[in-house]
1. With the requirement that a residue be open to solvent by less than 20 Å² (accessible area, probe 1.4 Å) and either closer than 18 Å to P305 by Cα or of a type in the set (A, V, I, L, M) (or both), what does segment 106-127 give you?
2. Any residue at all in segment 124-137 that's out of contact with any Asp or Glu (no Cβ under 6 Å at 6 or more places or on another chain) and at pLDDT below 90?
3. Just a yes or no: is a residue in segment 47-64 farther than 30 Å from P312 by Cα and open to solvent by 20 Å² or more (accessible area, probe 1.4 Å)?
4. Report, by residue number, each residue of segment 65-84 that is open to solvent by less than 10 Å² (accessible area, probe 1.4 Å), farther than 21 Å from M175 by Cβ and either touching a residue at least 40 places away in the same chain (Cβ under 8 Å) or among the basic types (K, R) (or both).
5. Looking only at segment 48-55, decide whether some residue is touching a strand residue (DSSP E or B) at 6+ places or on another chain (Cβ under 9 Å) and at pLDDT 85 or above.
6. Check segment 135-149 and report whether any residue there is assigned to a helix (DSSP H, G or I), closer than 22 Å to N64 by Cα and open to solvent by 20 Å² or more (accessible area, probe 1.4 Å).
7. Residues in segment 90-105: is at least one surrounded by 22 or more Cβ atoms within 10 Å (Cβ to Cβ) and in contact with a Leu (Cβ under 7 Å, 6 or more places away or on another chain)?
Amino acid sequence: SLRNRNMDQALVVLREMLSEAAGKVEASNYSALSTEAQRVLDDYNFAKSHPGLRGVGLRWDTLNQATNGAMGGDLIVIAGRPGMGKSWAMLELALDAHRKGRSIAFASMEMSLTQIARRWIGGLTGINPNDIRAGNLAHWSEAEMLAKVAQLSTSAPVHLFRGDMKKNVAGIAQMMDEFEPDVLYVDAAYLLSPAARKSGSVSRWEAISDVIRELKQLALHKDRPVIVSVQFNRNQKNRSSKKTSGEVPDLSDIAGSDSIPQDASIVLGLAPWKPPFGETRRMVHVMKNREGEVPSFGINFRFNPVNFDEIPPDDDDEDAPIVDTTWML
């Protein structure tokens, strides 16, 4: 068309090229209602013929029933005060997804690669990671550990990323591009820096808001669930001490909360169990669930052996130790 100086035809071709390119790059940004309605019907028929979780499993039955699993584009936030077990809860979610055949990318801004791997092995085997680090295992525990480690080479891949408290979201995105995992976990996401650095001074809360938005964009762009952990505000501890036991924390208690309520699909708040089980149990409050109910439930928080199973709501029995020795037989 250009050689023949047919500008009208050239413009038609260019418009077609632009339309095709826009459809590839921004396919999810606009569409006709009739097109999307047909996709809803197709999705419904698929769900009808494939009962069970639609997304990546989220470890605990109550949470899976409320959410139907983590879907592509979801940003899931785990919030809690220091010591509540945010990192362990995230690791349990990752372990559960991996057991179901999902490939994993796990990034931590606070732990070394060896620390992450040691906790992972502890979760796989039920062995306290401190005993692994101390080299203090009984013969059968050591045999179980060696067997589980050997199985890792033939299971779905797990890629670990050490944040070093200096990395930004661009580094996380690069890992996603390289390994294409089914789900991404980012521990201590509040220590990340935004990829798009702004000129001039930026407050810490503004930086956290930018990080959360960029992680949400990454989840949407990759069509993968992204699960992150953040902290409650410093003054949440003082407010919670005045609340009655078991009261659900507020979204406003989360650091960087301006962006999290808006961008997160699911928000989980970890809180202590009522006395006298505050050290060995945790309450998990679904503080936000864009697609369903917002239940609360309890989980174990034990390390001899490692156990994070869900607790029945009426379980107020004595806090007896859990010993699972079936693997020893």
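1. Applying the first criterion (open to solvent by less than 20 Å² (accessible area, probe 1.4 Å)) to segment 106-127 yields 106-109, 116, 120, 122-123, 125-127.
Within segment 106-127, A107, M109, I116, W120, G122, G123, T125, G126, I127 qualify.
2. For segment 124-137, residues out of contact with any Asp or Glu (no Cβ under 6 Å at 6 or more places or on another chain) and at pLDDT below 90: present.
3. The first filter runs over segment 47-64 and keeps only residues farther than 30 Å from P312 by Cα, leaving 49.
When the remaining residues are screened for being open to solvent by 20 Å² or more (accessible area, probe 1.4 Å), the result is 49.
Within segment 47-64 (the criterion being farther than 30 Å from P312 by Cα and open to solvent by 20 Å² or more (accessible area, probe 1.4 Å)), the answer is yes, since at least one residue qualifies.
4. Filtering segment 65-84 down to residues open to solvent by less than 10 Å² (accessible area, probe 1.4 Å) leaves 69-70, 73, 75-80.
Add one more test, that the residue is farther than 21 Å from M175 by Cβ, and what stays is 69, 79-80.
Scanning segment 65-84 gives A79, G80.
5. Yes.
6. Residues of segment 135-149 assigned to a helix (DSSP H, G or I): 139-149.
Subset that is closer than 22 Å to N64 by Cα: none.
No, that holds for no residue.
7. Initially, segment 90-105 is screened for residues surrounded by 22 or more Cβ atoms within 10 Å (Cβ to Cβ), giving 90-91, 93-94, 97-98, 104-105.
So of that shortlist, the ones also in contact with a Leu (Cβ under 7 Å, 6 or more places away or on another chain) come out as 93, 105.
Yes, the conditions are met somewhere in segment 90-105.
Residues are listed down the side, and each one gets a yes or a no for (1) free of Cβ contacts under 8 Å to residues at least 40 places away in the same chain; (2) charged (D, E, K, R):
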| site | (1), (2) |
| --- | --- |
| A32 | yes, no |
| D42 | yes, yes |
| T62 | no, no |
| L95 | yes, no |
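The values are calculated or read from the model by the stated rules, or taken from the named source; none is laboratory data. Bear in mind the structure is a predicted one, so any value in this text is a computation, not a measurement. Glycine gets a Cβ as well: all are built from the backbone with ideal geometry, and neighbour counts include every protein chain shown. Accessible surface areas use protein heavy atoms only, side chains included; no ligands, DNA or RNA. Shrake-Rupley method; radii C 1.70, N 1.55, O 1.52, S 1.80 Å.
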